[in-house]
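Remarks on the structure that follows.
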Amino acid sequence: MLNSYTETSLHYDPDRCINCGRCTQVCPHAVFEHGPDRVELAHPAACMECGACALNCPVKAIIVQSGVGCAWAMIRAALRGKDMDSECSCGGDDDTCCG
């Protein structure tokens, strides 16, 4: 499970992209960048799997399994009233967060 925190459930099909740019507007980590003909997947390892890009893609060119990864760990920590440092180490042996 070495570096499993850099792998995400994000799948992008550039052939379906219509270059609307919605994913670039809603992504909090700049995973996508504008390209000349379609959006480019610039920083896939930065994806926190929140699902905003997939929800806003009108042609379903983006699929991401939200509810996993660091986004879910942050939400869960906030709901429990804890901070991320005590809830998740992002890349540790805890299979319930960030990996």
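Data table
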item: H29-A46 pseudo-label distance in nm [points 7 Å out on the Cα-to-Cβ vector]; result: 1.0 nm
item: Fully extended contour minus Cα-Cα distance, from V59 to C20, at 0.36 nm per residue; result: 13.1 nm
item: Residue-by-residue Karplus 3J(HN,Hα) for the range 24-33, coefficients 6.51, -1.76, 1.60, Hz, glycine and proline x; result: 5, 7, 9, 6, x, 10, 6, 5, 10, 10
item: Net charge of neighbours whose Cβ lies under 14 Å from the Cβ of L10, counting Lys and Arg as +1 and Asp and Glu as -1; result: -3
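None of the figures in this text is laboratory data; all of them are computed from the coordinates on show. Note that the structure is a prediction, hence the values are computed from the model and not measured. All Cβ positions, even for glycine, are placed from backbone atoms using ideal geometry, and neighbour counts span all protein chains on display.
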